[in-house]
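Notes for the one structure printed next.
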Amino acid sequence: MLNQTQLWAIFDGTVITVEIAIVAIILGAFFGVIVALGRLSKNKVANAVSWFYIWFFRGTPLLLQLFIIYFAIPIIYLDSTGMTFNINPMVGAFIAFSLNSTAYLAEIIRAAIESIDSGQMEAAKALGMSYRQAMTKIVIPQTFKRLVAPVGNEFIMLLKDTSLVSTIALFDLLRTVKTMASSDGNWIYYVYAAAIYLFLTTIIQVAFDKIEKKLGVYERQGN
Amino acid sequence: MSMVKLVNVRKSFGNLEVLKGVDLEIQPGEVVCIIGASGSGKSTMLRCLNHLERITDGEIYIEDELADKRENNKDLMKIDPVKVQTLCTDLGMVFQNFNLFPHLSVIDNVTIAPIIVKKADKNEIEKIALDLLKEVGLSDKKDEYPSRLSGGQQQRVAIARALAMDPKIMMFDEPTSALDPELVGEVLGTMRHLAEKGMTMIIVTHEIGFAREVADRVIFMDQGVICEQGTPEDVILNPKEERTKSFLNKIL
């Protein structure tokens, strides 16, 4: 069984894992809306910038993005200014995971907005609403229910992908148990890790199911 | 004064010219029914009036104010979008597919535009909305979501929603075409009631009997132009144009 030190180490690793996933999903959702609106915009610059953003962050490995932020940027900074500059690994992880999830969530949000019947925008405009009013009051609120399932997906992926941060000097859940396993020569630690991952993803799955039901209340037909 | 005036309006989608020079003037209180085969440009004309589509050529006046003027798809006026928006709120529109906002209750569907566009007081507009719902016979459904209403009820809510903006003209784009036959009557009844109250109305419809009964003027459109217009007796009972005759023969 685990001794107290090990228990706390696993707890700390779990906290790091959860923290990164939560920060990334929240910031990703916020900036994802902006990038999605950029993709839908008729403004060519906004459109091109968002297209390029998604192209880059979806098209390169998350691990590479993590390395760029944690390793490459300090070196570039040192070369160009002659000063040293270190990124706190936790901050580096927050940034990399948020930038990455922004790209994925932007595409999810864009698709959800486009799935809303164009008659909704027309009706809003015919009632005198501006594009902005129609988007914020009519179209985007209708996307919430459709967003829950894919955002839940992204959240679960993020939670598991946080194991990549072991490469930038962070002891997340997986790295913590791996260290224990190799020092004791005991595989049981991996079972603990699997149980914790499953416990966390179960919470997400159940919570998102509930949210989806709640948001879909207006779609229920009949008596 | 005219409520709406179109001067030589043309509209193309790519190479397809849908409106080929339409002139039309509608007087206050007039009920105009537009009939014609699908693809004749009836709906497009309505949609051009409230800028859901932008015209390619011609001029549009709303209450004698220039609302759009274009030549070869060039905007000659550069009218301030806010002003366009204000002019368009004088035009209420009812769609074939209702287009109610599914995430809002019936009462919120009716009050949302006055609240966010006209900054109306919430309590005041709710009172007005309730009166409007009563008028269309749906005050008992005010807290339901649209998905729980029949098509006919949804369309009546859509009419109340448009009226809540206090429009001077109501436009109906085939308001009964998506309805089950037994639900058509209730919607036409609501529209008839509106016409009797003196509302200026432009109605694109296939309900020839209704047009005959309520219209002050019937317009027959064909291939992007107004082919024939006049009183319902003239156009529906005694059409002069061959194209009008053959259209009426097909649908009656």
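The values are calculated or read from the model by the stated rules, or taken from the named source; none is laboratory data. This is a predicted model, so every value here is computed, not measured. Here Cβ is always computed from backbone atoms with ideal geometry, including for glycine, and neighbour counts include all displayed protein chains.
Per-residue answers, yes or no, for (1) within 25 Å of A:N153 (Cα to Cα); (2) touching a Ser or Thr at 6+ places or on another chain (Cβ under 9 Å); (3) within 14 Å of chain B (Cβ to nearest Cβ):
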residue	(1), (2), (3)
A:I68	no, yes, no
A:Y77	no, yes, no
A:G82	no, no, no
A:I95	yes, no, no
A:E107	yes, no, no
A:S118	no, no, yes
A:M121	no, no, yes
remark   = In the range A:149-188, anything among the hydrophobic types (A, V, I, L, M, F, W, C) and either outside any helix (DSSP H, G or I) or within 14 Å of another protein chain (Cβ to nearest Cβ) (or both) is listed as A:A169, A:L170, A:F171, A:W187
task = Within the range B:6-14, identify whether any single residue is in contact with an Asp or Glu (Cβ under 8 Å, 6 or more places away or on another chain) and under 23 Å from B:A211 (Cα atoms), and answer yes or no.
result = yes
task = Restricting attention to the range A:140-162, report how many residues are more than 14 Å from the chain's Cα centre (by Cα) and either of a type in the set (S, T, Y) or surrounded by 21 or more Cβ atoms within 10 Å (Cβ to Cβ) (or both).
result = 2
message = Which condition from (1) more than 20 Å from B:M199 (Cβ to Cβ); (2) surrounded by 20 or more Cβ atoms within 10 Å (Cβ to Cβ) is the one that B:E126 breaks?
response = (2)
task = Determine, yes or no, whether A:L173 is within 22 Å of A:I25 (Cα to Cα), modelled with pLDDT under 95, surrounded by 16 or more Cβ atoms within 10 Å (Cβ to Cβ) and not acidic (D, E).
result = yes
remark   = In the range A:96-138, residues that are of a type outside the set (D, E, K, R), closer than 20 Å to A:A36 by Cβ and under 25 Å from the mean Cα position of the chain (by Cα) total 19
Cβ pairs under 8 Å, 6+ apart, first in the range A:174-197 and touching a residue at least 12 places away in the same chain (Cβ under 8 Å), second outside any helix (DSSP H, G or I) and of a type in the set (A, V, I, L, M) = A:Y192/A:L2
request  = Identify all residues within the range B:176-202 that are hydroxyl-bearing (S, T, Y) and crowded, with 18+ Cβ neighbours inside 10 Å; write none if there are none.
outcome  = B:T176, B:T190, B:T200
